[in-house]
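Coordinate-derived values only; no laboratory data. These figures come from a predicted structure and were not determined experimentally. Backbone-built Cβ (ideal geometry, glycine too); neighbour counts: all protein chains shown.
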Amino acid sequence: MKEETKEQISLARYKAISPVLAEPGRLQNDYFRGLAEQEHDFPHYGRRRYAVSTYKGWLKAYLDEGFEGLKPLTRSDCGDFRKLNDDVLDVIRTRWAENELLSARLLHEHLVAANLLGDPPATYNTVVRALHREGLLPRPNRTDVRKRFEVAEVNDLWTGDFMHGPRVLTGRQLRKAILCAIIDDHSRLLVGYAFDVQETLSALAVVLKDAMLTYGVPKRLYLDNGAAFSADLLIKACAQARISLTHSKPYDAPSRGKIERFFKTVRERFLPGLQGTVSLDDINLAFSCWLREEYHQRVHSTTGQRPVDRYHASAGRIQIRRLSAHELDEFFLVRDERVVNNDATISLKGKVYEVPGAYIRQRIEIRHPVDDPDDLALFDKGQRVCRLKLVNSHENSRTFKPHVEDTAISFADKKVKS
């Protein structure tokens with residue numbers, strides 16, 4: 001505790017006992033009982049209620065030692081760690097030295113998991129203080145030191161990630177809702193978002209396509225290393241759209257600080273407002289309203305502007321590059337191959353589709369948007385031929401024509417032969 005803080009505490013204690021310094025003991029007791037019934041605001045400690053014995057202790061300390069007696073006592077074990085003995089400190093030093101890439105946060109998590117920090121375990125802040133006292137922080141020659149940054153204009157950099165949210169009702173089941181969100185680095189505007197029940201490339205494609213259709217094409221896209229973010233289809237789509245795609249290091253959430261900070265805002269300001277069990281459609285609708293009416297309208301603590309105002313101000317200074325909905329669909333096409341059956345059909349994900357008869361027994365290429373597997377198309381040598389329809393057996397039965405002539409000829413032949 002700083003000496004200045006101790007002085008302020010001493011003054012507050014003196015103000016509390018000074019009215020009865022010259023009074024007899026009976027009056028002092030009555031006065032202290034009145035104080036003990038109320039809360040009082042003291043420097044460093046905040047608002048709290050003290051017992052009569054505490055006030056008497058302050059009075060005695062003042063009478064014995066004067067003003068200095070009212071200052072808080074310094075712990076006899078100051079500088080030592082009550083939760084960390086020498087053996088635990090040795091473990092911390094050893095684990096820290098074994099892995100140069102290990103962060104203090106991960107070190108604490110590993111030690112807690114191994115039950116090496118006591119019961120209850122020492123806190124993260126205690127471990128950090130121990131590392132500081134041992135001279136182990138900051139690490140020498142660290143290469144992961146970051147400085148705050150911000151790109152000059154909107155659409156220069158978009159950052160995306162997934163956030164696991166509450167359980168929602170889908171059909172008759174409760175499943176975890178997962179938010180896929182993309183934030184514009186310059187304006188802090190959320191350009192793309194949607195809750196889904198899966199953390200997949202399909203969920204990402206829906207959000208990314210909608211974001212680019214609404215706000216234009218970004219120059220750079222910065223994503224996590226998850227399977228959906230590293231898929232070949234996404235890499236090729238970014239290549240075709242002329243977007244620079246980069247990924248953060250594994251387990252390096254701070255490098256995506258702006259989207260992680262937004263997720264914290266969602267957990268603090270949006271999720272607590274949800275009442276009871278909601279459906280997936282309900283949470284998406286509520287989230288859209290919250291963004292439009294609150295988040296995008298609030299002054300951001302870092303930029304000092306509303307995200308919507310900052311976005312439009314920058315968008316007015318630059319030229320926004322745009323792509324059509326058809327172009328975006330073409331970029332996010334999933335490719336597959338099938339051999340056409342003798343009845344001119346193919347099967348895909350449990351559904352049967354009709355194929356032109358000319359392709360019977362041939363291997364064909366089929367494509368569909370990643371977010372719409374039912375929009376299936378036949379391609380031949382890279383060119384779209386037609387859209388494939390589901391087999392309709394009842395409709396096909398109306399156009400069925402038996403080979404009557406062949407049957408009649410066969411019967412005639414049999415009569416001649418007989």
ask   = Under the Kirkwood approximation applied to all pairs of distinct alpha-carbon atoms, what is the hydrodynamic radius of the chain in Å?
value = 28.9 Å
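Assign unit charges at the C-beta atoms only (+1 for Lys and Arg, -1 for Asp and Glu), then state the dipole size of the range 234-328 relative to its Cα centre in Debye, rounded to the nearest 20. It would help to have the intermediate numbers written out before the result.
Details: 16 positive and 9 negative charges, 106 e Å.
Once rounded to the nearest 20, the dipole reads 500 debye.
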query = In straight Cα distance, which aspartates and glutamates are under 19 Å from LYS6, not counting same-chain residues fewer than 8 positions off?
reply = ASP41, ASP64, GLU65, GLU68, ASP77
key: Equivalent ellipsoid, the range 3-70 (semi-axes from 5 times Cα gyration tensor eigenvalues, Å)   = 19, 16, 8
remark   = Across LEU323, LEU208, LEU21, the residue with the highest GNM fluctuation in the chain (Cα network, 10 Å cutoff) is LEU21
ask   = Taking amide hydrogens as modeled 1.01 Å from N in the peptide plane, which residues meet the under 5 Å criterion relative to ARG220, leaving out close sequence neighbours?
value = LEU157, TRP158, SER244
remark   = Ranked on Cβ counts within 10 Å of their own Cβ, fewest leading, ARG306, ARG335 go ARG335, ARG306
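Kirkwood Rh and Cα-based Rg: tell me the resulting Rg over Rh for the range 145-274, rounded to two decimals. Numbers along the way, then the final one.
Details: Rg = 14.7 Å, Rh = 15.3 Å.
A ratio of 0.96.
Within 10 Å of each residue's Cβ, count the other Cβ atoms and sort MET212, MET163 from fewest upward. Working shown, then result.
Working: MET212 26, MET163 19.
Least crowded to most crowded, the residues run MET163, MET212.
Which of rounded, prolate or oblate describes the range 86-133 when judged by the alpha-carbon gyration tensor and an a/c cut-off of 1.5?
Values: a/c = 1.37, a/b = 1.29, b/c = 1.06.
Rounded.
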task = Find the percent of Cα-Cα distances in the range 332-398 that exceed 18 Å, and round it to a whole number.
result = 31 percent
ask   = Using the per-residue mean of other Cβ atoms lying within 10 Å as a proxy for protection, in what order, highest first, do the peptides 221-230, 56-65 fall?
value = 221-230, 56-65
Filter on LYS15/LYS56; LYS351/LYS389; LYS209/LYS236; LYS236/LYS389; LYS236/LYS349; LYS209/LYS258 - keep pairs with C-alpha separation over 18 Å = LYS236/LYS389; LYS236/LYS349; LYS209/LYS258
ask   = Quick one: VAL299, VAL391, VAL370, fewest Cβ neighbours within 10 Å first, how do they rank?
value = VAL299, VAL391, VAL370
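Which of the GluC sites (Glu not before Pro) found in the range 266-322 are loop residues per DSSP with 16 or fewer other Cβ atoms within 10 Å of their Cβ?
Details: sites: GLU268, GLU293, GLU294; in loops: GLU294.
Passing sites in the range 266-322 are GLU294.
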task = Select from SER248, LEU73, PRO24 the residue farthest towards the positive end of the dipole of the chain; place +1 on Cβ of Lys and Arg, -1 on Cβ of Asp and Glu, and compute about the Cα centre.
result = SER248
Of HIS296, HIS40, HIS312, the one that fluctuates the most in a GNM where the chain has Cα springs shorter than 10 Å = HIS40
request  = Please report, in cubic angstrom per residue, the volume enclosed by the convex hull of the alpha-carbon atoms of the range 191-234.
outcome  = 78 Å³
